[in-house]
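See structure below.
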Amino acid sequence: TVMAAPVTNDQSWFFALALGVSFLKCLLINAYHSTDFEVHRNWLALTHSLPAAQWYYEATSEWTLDYPPLFAWFEYGLSHIARFFDKEMLVVQNLNYASPATILFQRLSVIVADVVFFYAVKECCKCLREDKGKYLLGKPSFILTVLLLWNFGLIIVDHIHFQYNGFLFGVLLLSIARHFQNRHFEGALLFSILLNLKHIYLYIAPAYGIYLLRCFCFTQSNIYASPESRINKLSIDLPQVLSRLFPFKRGLCHAYWAPNIWALYNIADKAFSILGVKFKLLDINKLPKASMTGGLVQEFQHSVLPSVSPLATLVCTVLSILPALFRIWHRPNGARGFLRCLVICALGSFMFGWHVHEKAILMAILPLSLLAVESREDARIFLILSITGHYSLFPLLFTTQELPIKILLLLLFTIFSLTSLKTLFRSGGALLNPLEATYLLGLIPLELICEFVYPLTVWQKTFPFLPLMLTSIYCALGVTYAFIRLYISLLTCSDSTKKIKTQ
Amino acid sequence: MENWSLFSLCVLLGLTSRWAVSFHSYSGAGKPPMFGDYEAQRHWQEVTYNLPVHEWYFNTTNNDLNYWGLDYPPLTAYHSLVCAYVAKLLNPEWVELHASRGYESHSHKLFMRATVLFTDILIYIPAVLLYCFYFCDGSSKQKVATALCILLYPGLILIDYGHFQYNSVSLGLALWGILGLGLGWDLFGSLAFTLALNYKQMELYHSLPFFCYLLGKCIKQGLTGRGFFQLAKISLTVLVTFALCWMPFLSDPKQPLQVLHRLFPFGRGLFEDKVANTWCSLNVLIKIKTLLSRETQLFLSFALTLLFILPSSLKLLSKPNLWQFKLALVNSSLAFFLFSFQVHEKSILLAALLMFFLFVFFHSMLPLLVKDGLLLPYVVTSLAFLFLSLYLLSHLTRTNEPLFWYFPFHFWFSLVAMAVLSFTSVWLEPPAKFPDLFPVLVSILSFLHFLGFIIYFNLVQLMEPQRKKSQKKTN
């Protein structure tokens, strides 16, 4: 069953996939949007109405500007187009303004900005080592395109919840592709631009730093430093900007616990305190009132285990990624080794970071897709990480109307990734071992309990955040497992610099 | 990739687009006092739940037939009853007699949309999958592509999940009927089709081909002997099914008459709204509605329908094979749509079921969809569907010509015309003298297309040219 010989452009399938997902995004214009929608509307308003020097001081709305300056300039640019849709959205005092024209404009801006992401994906496809396949559906580039363009996490976070991650990840993937193509200056420049768009990418800055230092900074001088300093001249008032960018007053965990180590730490603490009280080892009056699952961003006091401070998390994060950085320093495995280290940095920061958002898991999943279509072991890790990570995003869309959409889209992505990667790595037996498969299948009863059964029980009123906690902990297991496996694969892979043509 | 995974991806995409369209407005949203089809369906739940069966189709103090009286056959009423039981469990206010008129709320909308999705998954989608799997010729990739195109057909999605109706039930049952006949399970096919007929009387459009095909098949088997026996079995199945569906109404002779009176409202005019059929288009030139008397109108429409349907049916009777059957279905439904009495826009779905590619049908519904506030889904789904079908078609047929030359120029001309009309309908103001200019233009344009189609398909069926793969796939 060979597909008809390519008649028109060989790349027409790429265009078809991109157009198809854009249509889907357009259909979701009317879906639920989170407070992030108001956040961006507010930023449109304040960049449009105020002079640049005041952008980081404006505090009429609670959603102050907490992205770096380049993103503020991006919003400023958008605001000039927004004028033609609805002038009222650009008034700072119009809090929670959401007319149909506003919604249309903002949604379309995300959809159009995704063009950057499309371009980046196209470039990444060119970097694949081999792209042969018996038919179109089995080609690595096709699979990679679908895994990236139709990524479940990106669609629901960007086009329902509302954010601009597609555009930002496009810049990241483009930077990675440039490194694969040996255009290192462009890669570094793009990463600097990215850091100035959203500072969360500091998570992976160590990987960039070590890789570029190791491979190039000893031969060429200052290629990394110069773009950075040029762009920093665009900043206005550094201390004020920094205070808005890094609000450490927020708690260890987000309102909903990201499935990382601290979620497991919190639950262990809770378990110990309950057991301690039961076995009369602890005095119940001395324990702080349990407010962790109160749902609001706040400091948490641990009862049994030592409290965790931001510094402690930083130390843990650095410790967790240090071995990978050392490995890349000693045995740089070319661009692929760099990419693996990048994913580990992203995942390590996710696992041990302070106040991590569950959306940050995308920073590990998306780059990992590139590795997944080329190596069997990476495909395994990708499946576990992506299915678990994507499932952990479910609490972001808590409305009944969006329930079928998120289930259908997750099933779509999961079935596609499972079957296509299984077909790609057909030789060598099953991709997932029984334990892993059972764990992933366990997500189905988890979903049924959390979203269908639990709300009908009497505990819904007394412990309303129990399903969130369960989801977070179950997923934390999978994410941790993927992290460990990824590390093992990095530390044990042989030095294949000779096999790779580019270095 | 295995077939099952490809088919499930198609289903998931189809379901996602359906549910995403359901986020948008429905017919009559926020428009008292009459609202729209959505309120009609809710009202039927209220009526069937609270009133005894013998009052459903009658004008009583409790049941005002002028406010969305039941005008579909009993199976729809039973379906509404089942939905009403569920509604009562969730929120009794939704089906409170009299008090729930015009009830609108977000959770109620979710409930109603969910009922459509449920029946869609239960009846229509399995039928489509089986149809594509067993009755499409071509490689497995072509079957999957066909399934995808059928499942993403915007017409059904927007009418069922936007405007709000349950066409997937009747169309699905009719499709099961076609499947049954195709697999040689004549009894099952007849049963399914009879159920479809008892769900929506619009299925009459397809009844003549079914009848002719089965009759022709029995004749071929010899009217004395096996053929006769087969005919008897089929007739018995049909009669028993009818009896079961109409059982509550058979106690009193007044009942079935009243039901029929509601189902076939010859009291209403030749047409309502701007519909792409002959009468509506003709009315632009000659005001038939006022020129001819009611009886003459009735006779004229009946005669022309029969005229256009006769050749196709006779041919099928003489040559009862599956290909003839499919073509006859197309011709028959087109004929009914174009010439019969009291046709609504949605009737065209019946012909469309068999011709996924024909975009025109969907475009002709534009005025209705704009009225319902469904412009955005209309634009998105039609562009997506058009693009997808063109793309898949060009890749799955073995041709080396570029896409542009593959279709005759009038195809592209039609597309441009439809695009221009869509644009002007929405963005431009019609001149004061002709306030309905754009809906009428849409109807006329569509009518001309349909007329062309019916002539073309009749020619194809009657003359049976060499069966090469023409670009209009009659799957």
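The values are calculated or read from the model by the stated rules, or taken from the named source; none is laboratory data. These figures come from a predicted structure and were not determined experimentally. FYI the Cβ positions are ideal-geometry reconstructions off the backbone, even for glycines, and counts take in every protein chain you see. What goes into the accessible areas is simple: the full protein's heavy atoms, side chains included, and nothing from ligands, DNA or RNA. Shrake-Rupley method; radii C 1.70, N 1.55, O 1.52, S 1.80 Å.
Odds and ends about this structure:
- With a cut-off of 14 Å between beta carbons, the residues surrounding B:Phe229 carry a summed charge of +3, where Lys and Arg count +1 and Asp and Glu -1.
- Net charge of Cβ neighbours under 12 Å - reference B:Met1; Lys, Arg +1; Asp, Glu -1: +4
- In the range A:38-90, the trypsin sites (Lys or Arg not before Pro) that fall in loop regions by DSSP, at most 14 other Cβ within 10 Å: A:Arg83
- The residues B:Tyr49, A:Tyr439, sorted by heavy-atom accessible surface at 1.4 Å with ligands and nucleic acids left out, run B:Tyr49, A:Tyr439 from largest to smallest.
- Area buried, chain A against chain B - accessible surface, total, 1.4 angstrom probe, square angstrom: 3300 Å²
- Within chain A, helix-based [θ] at 222 nm, where runs of 4 or more DSSP H residues each add -39,500 (n - 2.57), nearest 500: -18500 deg cm²/dmol
- Each part reduced to its alpha carbon centroid, the range B:119-156 and the range A:197-212 end up 47 Å apart.
- Listing of the range B:135-159 residues, each with accessible area lower by at least 20 Å² in the full protein assembly than in the chain alone (probe 1.4 Å): B:Lys141
- For the listed peptides A:93-105, A:137-149, A:481-493, A:66-78, a ranking on the average number of other beta carbons within 10 Å per residue, highest first, reads A:137-149, A:66-78, A:481-493, A:93-105.
- For the peptides B:221-228, B:325-332, B:429-436, residues were scored by their other Cβ atoms within 10 Å and the scores averaged per peptide; the highest-first order is B:325-332, B:221-228, B:429-436.
- For the range B:69-183: rounded, prolate or oblate by the Cα gyration tensor [a/c cutoff 1.5]: prolate
- Under 5 Å from the amide H of A:Val356 lie the amide H atoms of A:His254, each residue being 5 or more positions distant or on a separate chain, with H modelled from the backbone and absent for Pro and chain starts.
- Among B:1-11, A:408-418, the order from most to least packed when residues are scored by Cβ within 10 Å on average: A:408-418, B:1-11
- Cα gyration tensor shape for the range B:29-69, rounded if a/c is under 1.5, else prolate or oblate: prolate
- Table column - 3J(HN,Hα) (Hz), the range B:50-55, Karplus curve with 6.51, -1.76, 1.60, x for Gly and Pro: 8, 10, x, 4, 6, 9
- Under 11 Å, Cβ to Cβ, from A:Tyr164 - net charge with Lys/Arg +1 and Asp/Glu -1: -3
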